[in-house]
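Notes follow once the structure below has been shown.
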Amino acid sequence: MRYPPAILDEIRARLPVSEVVRKRVQMKKAGREWKGLSPFNQEKSPSFYVNDQKGFYHCFSSGKHGDIFDFLMETEGLSFPETVERLAGEAGVSLPRPTAENVEAEKRRAGLHEVMELAAAFFEKEYAGRRGTNAREYVARRGMPEALQKRFRIGYAPSERYALRDHLADKNVPGEAMIEAGLLVSGEDIAVPFDRFRDRLIFPICDSRGRVVAFGGRALSADVPAKYLNSPDTPLFHKGTMLYNAHQARKAAHERGVVVAVEGYMDVIAMAGMGFDNTVAPLGTALTEEQLAVLWRMADEPILCFDGDKAGRRAAFRALDVALARLPVGKSLRMAMLPAGQDPDDLAKEGGAPAMERVLDGALPLIDVLWARETEAGPLETPEQRAAFERRLHQALRVISDETLQRHYRDAINERLAQQFRGAGRRGGGYGGGYGRGGVRHGGGQGGAGGYGRGSRPGWQQETPGMRLPEGYRPSPALLRSGLFARQDADLPAAAAPREATIVAAFVAHPHLLEDHAETLAALEFASPEARRLRGFLLDYVAEDNAPESELVALSVKRAGLGDTYEALNARMVPSLRWILDPHADGLRVEDALRQAIILHRRAHTLHTELKAAARALAEDDSEANLAWMREVQVQLSSLDGAEADRED
């Protein structure tokens, strides 16, 4: 029988070539590939190679080349149907019976691919046309080059209710096919199906062959409930099993030996703009087991890169549980956290590829992420608290299915526990040695697993600005720099006050911006108590679904007893940005000025925090490296102050 291509793709996706081949050929890892003696010829030196990322084997001695189906047919003499049935059983894929219905379903799938391509072309044409003006302006404000727009096939869905439907109908596409492809919204209570995507920036989502199978849409209007909207599950698309940009990232991931997973469409495109073509993203959901399997087929140790806020840490910790439960031998994950309050787009504008390289270079292994998560659960001062900490760590490891791997994790955790609590109860609650930059423990060589040693000075925790750490715990320098620990209000200098005042005042004067940027405002680190109080009022106000009108917000601020606070902030605004307070100011100009102020504020916070770390490292070890580190940060701060001065001229 003729098996549907989708079934064959699913079998290939679930069974790495090396897993099938190793049942007949003894293989050894060779960089990103596997090698062994040819199963087709007698030989003494290995000439047979398997590449899981590309999904094929190649035998240099015989010239034979193919995928898992070819391998079984070549080595066992099976027919193609027999091979498919064997591998489907191993992969856990149900094969359809050769019925007329199945043949018809495959024809429908082929037709749906054509429909989705027609829709993608329509969205691209609309984006380039008159109705796509606002979409193009939004993309321009985000700084996306035209080459990237074309590469990712950015489109625009018009606001008209039936624009796509009528266009496809003119192409003789039946309404039933549009509904089945997820392009129209239909139901018993909907008399006339209408376009699912309206007035949205469109991101085509492709399968492993590069065929458009779904769309993601970013709302351009502030009064739309869902900022992002994905296609529903269809015969072509299952969002929990796919990754955005996987078809383009596969080659770059193979060449670099690593794949990076970020949080959204714009993050992927920003990464590509910095040269990180090996980047993918989940499709609006937390990372699933199926998506992890796709990542592991692309690289042995993918990096998950999360935004540097509370939501990012929660996502990292959820991904940890999923990964541990599915962790195969020879595979792992690392996790990187972006600077507080930033996403890849911000980092691209501020530091570019070098800044992102530093973030990815600081990615931590799973065992460090597990350690960081469990230390946040409570203090570690008493024997009971330390016992609970140990119990949580070991309980988390029980989900690892491979017994050998679980044992190695358990041994590593026990070693860390022994180092962490050796000498517990000393004055000051310290359990580690003194560390300079890079994790070197002064007065005793290298730190052990993760850098956990003995002999810390009393009061060490008070010398770690911005971190909320459990009493009696000293993490390694790598963990401190990772962003995995919750942060307290940052200890920023008074010079940051004008930026804080400008940001909060802008949201009061233009409260409609909260609908798109409330999460951004909530994640910002403010030193000023006035800014924090007014920020809290604004977030509560918008959470209660109050009307985002400037006059009503200003009146509510006064009624809440915050009128004087607001006036005090206004007096400390960046002088050149006082025009923002005009409620009739140009909306695009206001949003651009606010974005720039937020970028400068985040950058200043990051640099001041790093300056304190550099000064502390220099005090512990007056090496040339530490001195150069501190001077480099000071230069960057001076440059930032200069940028702020330019804005005030």
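What the table shows:
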quantity	calculated
Wholly enclosed helices (runs of 4 or more DSSP H) of the range 363-427 bearing at least 1 residues exposed (fewer than 15 other Cβ atoms within 10 Å of the Cβ) and of a type outside the set (Val, Ile, Thr)	383-397, 403-421
Any hit, the range 206-216, residues being out of contact with any helix residue (DSSP H, G or I) (no Cβ under 6 Å at 6 or more places or on another chain), open to solvent by 60 Å² or more (accessible area, probe 1.4 Å) and within 30 Å of SER332 (Cα to Cα)	yes
Residue satisfying condition, being in contact with a Leu (Cβ under 9 Å, 6 or more places away or on another chain), over 27 Å from ALA522 (Cα atoms), open to solvent by 30 Å² or more (accessible area, probe 1.4 Å) and not small (Gly, Ala, Ser), within set GLU255, GLU301	GLU301
Residues of the range 142-166 satisfying the condition of being under 18 Å from PHE215 (Cα atoms), without any contact (Cβ under 8 Å) to a residue 24 or more places away in the chain and either surrounded by fewer than 15 Cβ atoms within 10 Å (Cβ to Cβ) or touching a strand residue (DSSP E or B) at 6+ places or on another chain (Cβ under 9 Å) (or both)	LYS150
Conditions (1) in contact (Cβ under 8 Å) with a residue 40 or more places away in the chain; (2) over 21 Å from PHE306 (Cα atoms); number of the one not met by GLU415	(1)
Condition check for GLU301: at pLDDT 90 or above and charged (D, E, K, R)	yes
Any hit, the range 6-27, residues being part of a strand (DSSP E or B) and open to solvent by 70 Å² or more (accessible area, probe 1.4 Å)	no
Identity of the residue in the range 203-248, within 23 Å of LYS125 (Cβ to Cβ) and small (Gly, Ala, Ser), that ends up modelled with the lowest pLDDT	SER221
Filter result (open to solvent by 40 Å² or more (accessible area, probe 1.4 Å) and in contact with an Asp or Glu (Cβ under 9 Å, 6 or more places away or on another chain)) within the range 123-141	ARG131, ASN134, ARG141
Residue in the range 324-337 that is modelled with the lowest pLDDT, counting only those that are outside any loop (DSSP other than H, G, I, E, B) and out of contact with any helix residue (DSSP H, G or I) (no Cβ under 6 Å at 6 or more places or on another chain)	ALA325
Selection status of ASP545, modelled with pLDDT under 80 and of a type in the set (D, E, K, R)	yes
Members of the range 320-344 found to be of a type outside the set (A, V, I, L, M) and either on the phi > 0 side of the Ramachandran plot or open to solvent by 10 Å² or more (accessible area, probe 1.4 Å) (or both), listed by number	ASP321, ARG326, PRO328, GLY330, LYS331, SER332, ARG334, PRO339, GLY341, ASP343
Residue within the range 167-183 that is open to solvent by 30 Å² or more (accessible area, probe 1.4 Å), in contact with an Asp or Glu (Cβ under 8 Å, 6 or more places away or on another chain) and either assigned to a helix (DSSP H, G or I) or within 21 Å of PRO225 (Cα to Cα) (or both) present	no
Selection within the range 28-50 - open to solvent by 70 Å² or more (accessible area, probe 1.4 Å), without any contact (Cβ under 8 Å) to a residue 40 or more places away in the chain and outside any loop (DSSP other than H, G, I, E, B)	LYS28, LYS35
Filter pass, ALA191 being in a helix (DSSP H, G or I), of a type in the set (A, V, I, L, M, F, W, C) and modelled with pLDDT under 95	no
Residue count, the range 128-166 (criterion: part of a helix (DSSP H, G or I) and within 30 Å of ARG589 (Cα to Cα))	19
Residue in the range 68-79 that is at pLDDT below 90, closer than 30 Å to THR234 by Cβ and open to solvent by 30 Å² or more (accessible area, probe 1.4 Å) present	no
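The values are calculated or read from the model by the stated rules, or taken from the named source; none is laboratory data. Computed from a predicted structure; not experimentally measured. So basically every Cβ, Gly included, is an ideal-geometry build from the backbone, and we count neighbours across all protein chains shown. Calculation scope for accessible area: heavy atoms of the full protein, side chains included, ligands and nucleic acids excluded. Shrake-Rupley method; radii C 1.70, N 1.55, O 1.52, S 1.80 Å.
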